[in-house]
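S.K.: I have a structure here, written as structure tokens, and I will follow up with some questions on it.
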Amino acid sequence: MTVLDSRSDMPRDGGPAAAANGAGVLITGEGVSMPSVDDIGAGRGPAWLDDWLTLNAPDVLAWYRHIHANPELSRREYTTTEMVAGLLSSAGLQPKVFDSGTGLICDIGEGDRCVALRADMDALPLTELTGLPFASTVPGAAHACGHDGHTSMLLGAGLALASAPELPGRVRLVFQHAEEVMPGGALDVIAAGGLEGVDAIFGLHCDPRLRVGSVGTRVGAITSATDLLELRLTSPGGHTSRPHLTADLVHALGTVITGLPALLSRRIDPRSGTVLVWGAVHAGEAPNAVPQDGVLRGTLRTGDHEVWADLEPLVAGLVQSLLAPTGVGFELEHRRGVPPVVNDVESEAVLRAGVEAALGEQAVTGTKQSSGGEDFGWYLENVPGSFARLGVWSGEGTQPDLHQPTFKLDERALLVGVRVLTHTALAALA
């Protein structure tokens, strides 16, 4: 599919460039038909946004399907970055790709006041099982978290904003790499000056639990801080018939597996939403041998920023006390991940106003705090902002969760996202 030729302002001559017919169907260079998709917010304006989507909705769909079929893992988003930069440049904009070659920022408009809109671009190391005709063509990589949708929505919003006769300030598009790896590509964006001059930042994330046309907003923490724990144990090893002559490594692992979550629940305010869950454990092979080494890995999450700051020394002390009687040696690696995403009252009101302008008051719904991590939190450590959940469920059939190989979104959500991001930027600049 010739995505860079699929813009509606490119020549439509039936040749190698994409062409459109009167039924709103995009025909790519290979003759693949791109069906039109309903625009739930059509007619709500402004007129230039309605006009842009009328002409370019099939292109938004084409971008999404192309990115979906060609996923790139964290810090390898070279082709996706090149595609986005090319489309922005073709509209007369000046995107700035980061030195790594992945991720970029691009300003639209003029003025001292600047608001940022952010989308992430990376895929997951999963094998897709959706059966879609545009499913991943890359073995072991898939867009199972909706970042392909995020990128397409922000690209659409950016190009729509660039078509506006006038903007009351600047909008910075942040196409971020490496959201799926800790501590996240947001730190790279910040280090590269991506937030310089930005007054507030906003973002959306696909939510398969919400019906398309709904947007979940929340004041306060909407995601949680996420850390990784890796505990490595060592023992002289020995025979299981003589555990008293060695240090029983497997028993020590079991002590930590059950004991550490229990102790944390007694040392941390339960209202903080702190939870430790182990995801991997390995030790030994033979049933009659005490192994010499073992490893335990898990995630530690909390919705409280103050608790997050105190977790590392607390966990280290508890592990020490649990293992002291066992005689095993250990090394604990506590990798701090991302802070919670905490929406301030004013920014949440701005985003809510953007949703209402784009879709109507009925589109706004509340949402609960998630224990999932999201590196958007790093941006909010530096500037105010708000993050919301975009409904992508069709309302029919099952609702596969994020990070599942069967995850897919209702493509109507793409145009909803374009409208919400555009109106949020306008509301923030007003």
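The values are calculated or read from the model by the stated rules, or taken from the named source; none is laboratory data. Remember, it's a predicted structure, so these values are computed and weren't measured experimentally. Virtual Cβ from ideal backbone geometry, glycine too; neighbours counted across all protein chains shown. Ligands, DNA and RNA are stripped out before the accessible areas are found, and what is left, the full protein with its side chains, is counted by its heavy atoms. Shrake-Rupley method; radii C 1.70, N 1.55, O 1.52, S 1.80 Å.
S.K.: Rounded, prolate or oblate: which fits region 359-430 when a ≥ b ≥ c are the square roots of the eigenvalues of the alpha-carbon gyration tensor, with rounded for a/c under 1.5 and prolate only if a/b beats b/c?
M.R.: On the way: a/c = 2.11, a/b = 1.27, b/c = 1.67.
Oblate shape, in that a/c is at least 1.5 and b/c is the bigger or equal ratio.
S.K.: Work out the FRET efficiency for SER89 and ALA191 from their Cβ-Cβ distance, taking R0 = 22 Å, and round it to the nearest 0.05. Walk me through the numbers on the way to the answer.
M.R.: Numbers: r = 24 Å, r/R0 = 1.10.
Once rounded, the FRET efficiency stands at 0.35.
S.K.: Given all pairs of different Cα atoms, what value in angstroms does the Kirkwood hydrodynamic radius of the chain take?
M.R.: Across the chain, the inverse of the average 1/r is 23.1 Å.
S.K.: Which of rounded, prolate or oblate describes region 283-420 when judged by the alpha-carbon gyration tensor and an a/c cut-off of 1.5? Please list the in-between numbers first.
M.R.: On the way: a/c = 4.13, a/b = 1.89, b/c = 2.18.
The shape class here is oblate.
S.K.: Also, quick follow-up: Give the separation of the Cα centroids, region 256-302 to region 395-411, in Å.
M.R.: Centre-to-centre (Cα) distance: 31 Å.
S.K.: With +1 on each Lys and Arg Cβ and -1 on each Asp and Glu Cβ, how big is the dipole of the chain about its Cα centre, in debye rounded to the nearest 20? Kindly include the intermediate steps, with their values, before the conclusion.
M.R.: Numbers: 29 positive and 51 negative charges, 179 e Å.
I would put it at about 860 debye.
S.K.: For region 60-122, what is the accessible area per residue in Å², given a 1.4 Å probe and the full set of protein chains?
M.R.: Numbers: 2420 Å² over 63 residues.
In whole numbers, region 60-122 has 38 Å² accessible per residue.
S.K.: So how far apart, in nm, are the two label points at VAL345 and THR79 if each is 7 Å from Cα heading toward Cβ?
M.R.: 4.9
S.K.: Mind checking the angle between helix 249-267 and the chain's longest principal axis? C-alpha axes, 0 to 90 degrees, to the nearest 10.
M.R.: The angle comes out near 60 degrees.
S.K.: Gap in Å between the Cα centre of region 133-198 and the Cα centre of region 51-88?
M.R.: Centre-to-centre (Cα) distance: 10 Å.
S.K.: Still on this structure, please answer the following. Hey, can you grab everything whose amide H is under 5 Å from the amide H of GLU128? Only 5+ residues off in sequence or another chain; H modelled, so Pro and N-termini drop out.
M.R.: Result for GLU128 returns GLY140, ALA141.
S.K.: Let me ask another. In square nanometres, what is one fourth of the surface area of the convex hull spanned by the alpha carbons of region 163-209?
M.R.: Working: hull surface 21.4 nm².
Reported value for the Cα convex hull: 5.4 nm².
S.K.: Assign one of three labels to region 98-179, namely rounded, prolate or oblate, based on the Cα gyration tensor with a ≥ b ≥ c the square roots of its eigenvalues; rounded applies when a/c is under 1.5, prolate when it is not and a/b is larger than b/c, and oblate otherwise. Display every interim value, and only then the final one.
M.R.: Values: a/c = 3.66, a/b = 2.16, b/c = 1.69.
Prolate, because a/c is 1.5 or more and a/b exceeds b/c.
S.K.: If you take the beta carbon distance between VAL275 and ALA316 as r and set R0 to 22 Å, what does 1/(1 + (r/R0)^6) give as a FRET efficiency, to the nearest 0.05? Numbers along the way, then the final one.
M.R.: On the way: r = 18 Å, r/R0 = 0.83.
FRET efficiency, VAL275 to ALA316: 0.75.
S.K.: Can you order the peptides 217-230, 81-94, 294-307 by their average number of other Cβ atoms within 10 Å per residue, highest first? If you can, show how the numbers build up before the last one.
M.R.: Numbers: 217-230: 21.4, 81-94: 16.6, 294-307: 19.5.
Averaged packing, sorted descending, gives the order 217-230, 294-307, 81-94.
S.K.: Which angle between 0 and 90 degrees, to the nearest 10, do you get for helix 345-359 versus the longest principal axis of the chain when only C-alpha atoms count?
M.R.: Taking the Cα atoms of the chain, the angle to 345-359 is about 50 degrees.
S.K.: Given the peptides 337-345, 415-423, arrange them by the average over their residues of other C-beta atoms within 10 Å, most packed first.
M.R.: Values: 337-345: 21.9, 415-423: 27.7.
The most tightly packed comes first, giving 415-423, 337-345.
S.K.: Solvent-accessible area of LYS96, probe 1.4 Å, all protein chains present, reported in Å² to the nearest ten, please.
M.R.: Accessible area, nearest 10 Å²: 130 Å².
S.K.: Grab the other residues whose beta carbon is less than 11 angstrom from that of ARG335, score K and R as +1, D and E as -1, and report the net. Don't skip to the end; give the middle numbers.
M.R.: Numbers: positive: ARG297, ARG336; negative: ASP227, GLU230, GLU312, GLU333.
Once positives and negatives cancel, what remains is -2.
S.K.: Roughly how many percent of the accessible protein surface of the chain is carbon and sulfur, given a 1.4 Å probe and a whole-percent answer? Please list the in-between numbers first.
M.R.: Numbers: 9320 of 17970 Å².
Carbon and sulfur atoms account for 52 percent of the accessible area of the chain.
S.K.: Same structure, new question: Going from most exposed to least, what order do MET153, MET182 have by accessible area with a 1.4 Å probe?
M.R.: Values: MET153 0, MET182 80 Å².
Ranked from most to least accessible, the order is MET182, MET153.
S.K.: How big is region 200-323 in terms of Cα radius of gyration and Dmax, in angstroms?
M.R.: 19.6, 65
S.K.: Still on this structure, please answer the following. Which one of VAL341, LEU322, ALA357 is farthest out on the positive end of the charge dipole of region 298-374, using unit charges on Cβ (Lys, Arg +1; Asp, Glu -1) and the Cα centre as origin?
M.R.: Of VAL341, LEU322, ALA357, it is LEU322.
S.K.: Helix 305-323: angle to the longest alpha-carbon principal axis of the chain, degrees 0 to 90, nearest 10?
M.R.: 30
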